[in-house]
1. Give me the net charge of Glu54's neighbourhood, meaning all other residues with Cβ under 14 Å from the Cβ of Glu54; Lys, Arg count +1, Asp, Glu -1.
2. Pulled fully out, how much extra length does the chain show between Asn201 and Ala90, if you take 0.36 nm times their separation in residues and subtract their Cα-Cα distance?
3. Roughly how far apart, in whole Å, are the Cα centres of region 119-152 and region 89-109?
4. Once both labels are modelled 7 Å past Cα along the beta-carbon direction, what's the His217-Asp105 spacing in nm?
5. What pairs in Lys89/Lys147; Lys89/Lys158; Lys109/Lys147; Lys59/Lys147 have C-alpha atoms more than 26 Å from each other?
6. Ranked highest first by the average count of other Cβ atoms within 10 Å around their residues, in what order do 165-175, 145-155, 209-219 fall?
7. Label 7 Å along Cα→Cβ of Leu131; region 156-188 residues with amide nitrogen under 11 Å?
Amino acid sequence: MHRMSSNTITALAATSMLIFATQTMAHDTKSHEASPEHAHTHDVDQDIYNGYFEDSQIKDRPLSDWAGAWQSVYPYLQDGTLDPVMQHKAEQGDKTADAYRSYYDTGYKTDVDQIDIDGNTVRFVRDGKTLSAQYESDGYEVLTYAKGNRGVRYIFEKADGDAAAPTYIQFSDHRISPASADHYHLYWGNDRAALLTEVTNWPTYYPASMDGDAIVHEMLAH
C-alpha cells in the first residue's frame, strides 16, 4: 500500500534545503531536533528516533496507534506555560529563549484545539465546533531531509464524514512500526503531495489528560 513518489521526495528535498538554509534554528541530535518534526519520545530506538533506519525496518501502522483524546500544546506556548522548556533549550542550544519560542510558535501553531480518535473516526475540535470523518490507511511516505536523515509520514484518507473535514491526515511521531503514540505531530489538508512538503508547521498533540505542568515535565525530561 506504500506509495513513493520520486518527484515528491525531490521537491521535498529542495524545499527542505531552502528552509534549512534560511531559518535561524539549528537542529541537533542532542536536543532531539534532527528533523523538522520534534517529538520527544523516550522509548524509541535512538537511531530511528533521529531518522536513521533501513527501509526494511518500516512497517504499516493502524489508526489505533493514535487512538484517544488529544490536546494541542500551542495554547501552552502562548500563555507562557512552556517558557521553562524554551529556557532549557536556550541553555542547551545556541539561540535565545525568545528565538526558540518564535520558532516553536510557527511549528505548533494551529486552531484545532482538540483531536479525538476512536476506531476509524477522527474528530477535530475548532472553537468548540466539531468536524468528524472516517479514515482509512493510505500507506506511508518516507521523507529525506536536507541533513540526510529521514522521517516517515503515516497517511490516512477520508472515506466518509463531514465535507469540511480534511481529505488527508498524516501522522509523524518518530516511530516507524506499530506502537501506541504518546504524542505526535499531525498534518492535514486536501492535497496529499503538498502536505509532504510541509516542514515548518507541525501541530503537536499530547494526551488530553495531561495538564500543562505534566507536559512541561515530559518535555524537560528529554
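1. Result for the neighbourhood of Glu54: -1.
2. Stretched fully, the Asn201-Ala90 segment lengthens by 37.9 nm.
3. Each part's Cα centre sits 25 Å from the other's.
4. Each label point lies 7 Å from its Cα, and together they span 2.9 nm.
5. Lys89/Lys158
6. In decreasing order of mean packing, 165-175, 145-155, 209-219 become 165-175, 145-155, 209-219.
7. Taking a point 7 Å out along Cα→Cβ of Leu131, the residues of region 156-188 whose backbone N falls under 11 Å are 162-169, 188.
The numbers here are math on the coordinates, done by the rules we state, and not lab data. What you see is a predicted model, and the numbers here were worked out from it, not measured in a lab. Every residue, glycine as well, gets a Cβ built from its backbone with ideal geometry; the counts of neighbours run over all protein chains shown.
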